[in-house]
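Undergrad: Before anything else, here's the structure in question.
The values are calculated or read from the model by the stated rules, or taken from the named source; none is laboratory data. Just so it is clear, the model here is predicted, and its values are computed rather than measured. A quick note on method: Cβ atoms are made from the backbone with ideal geometry, for glycine too, and the neighbour counts reach across all protein chains shown. When the accessible area is computed, the model is the full protein with side chains, heavy atoms only, and any ligands, DNA or RNA have been set aside. Shrake-Rupley method; radii C 1.70, N 1.55, O 1.52, S 1.80 Å.
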Amino acid sequence: MRFLIRVVINAFAIWVVTLIPVLQVSVLPIKVGWDGTLSTIITLLIVAAIFAIVNTIIGTVIKIVALPLYILTLGLISLLINGFLLWLTAWLTHWWSWGLRVEDFWWGVVAALIITVINWILGIFLRPARKR
């Protein structure tokens, strides 16, 4: 259940980032016979699931390996790592004719920062509390 909520929050955050044209982040919808909103929503949910999986698996490994850099930069390296993970998600969906497109790495870092802030704010309200 927590993963599904995380995917929906990620999808919403990615959608918000695509609304900001200066960031040069876009989502190309899946062409499955539906046009318009439904195909965009399905694409956003799939991209958000891929982003959550990349962030969970590869992001954890990178954060463990880069622990000295986290200490040295007082955590500011996390901005670059989150931007890299967003770019990696865009690269993984690049092979199909749909998915996330990040045109510039540095605008991708800014987009990842916005996604992180939106995830944090919505996560406070929407994620279920852990049972103790």
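Undergrad: Can you find, within the range 16-46, the residue that is farthest from Leu86 (Cα to Cα) among those that are part of a helix (DSSP H, G or I), of a type in the set (Val, Ile, Thr) and without any contact (Cβ under 8 Å) to a residue 60 or more places away in the chain?
TA: Looking at residues that are part of a helix (DSSP H, G or I), of a type in the set (Val, Ile, Thr) and without any contact (Cβ under 8 Å) to a residue 60 or more places away in the chain, I get Thr37.
Undergrad: Which pairs do you get when a residue that is closer than 17 Å to Ile58 by Cβ and at pLDDT 90 or above, found in the range 87-107, comes within reach of a residue that is assigned to a helix (DSSP H, G or I) and small (Gly, Ala, Ser), reach meaning Cβ atoms under 6 angstrom, with the pair 6+ apart or on two chains?
TA: Sorted first by the residue in the range 87-107, then by its partner, the pairs are Trp87/Gly108; Leu100/Ala90; Val102/Ala90; Val102/Gly108.
Undergrad: Same structure, new question: If I filter the range 86-94 for residues that are in a helix (DSSP H, G or I) and among the small types (Gly, Ala, Ser), do I get at least one hit?
TA: Yes, that holds for at least one residue.
Undergrad: Being modelled with pLDDT of 90 or more, part of a loop (DSSP other than H, G, I, E, B), open to solvent by 80 Å² or more (accessible area, probe 1.4 Å) and of a type in the set (A, V, I, L, M), is that true of even one residue in the range 5-15?
TA: No, every residue in the range 5-15 fails to be modelled with pLDDT of 90 or more, part of a loop (DSSP other than H, G, I, E, B), open to solvent by 80 Å² or more (accessible area, probe 1.4 Å) and of a type in the set (A, V, I, L, M).
Undergrad: Taking the stated definitions as given, is Leu44 open to solvent by 90 Å² or more (accessible area, probe 1.4 Å) and closer than 18 Å to Ile118 by Cα?
TA: no
Undergrad: Would you point out the residue of the range 60-86, among those that are closer than 22 Å to Ile14 by Cβ, without any contact (Cβ under 8 Å) to a residue 24 or more places away in the chain and in contact with a helix residue (DSSP H, G or I) (Cβ under 6 Å, 6 or more places away or on another chain), that is least open to solvent (accessible area, probe 1.4 Å)?
TA: My answer is Ile81.
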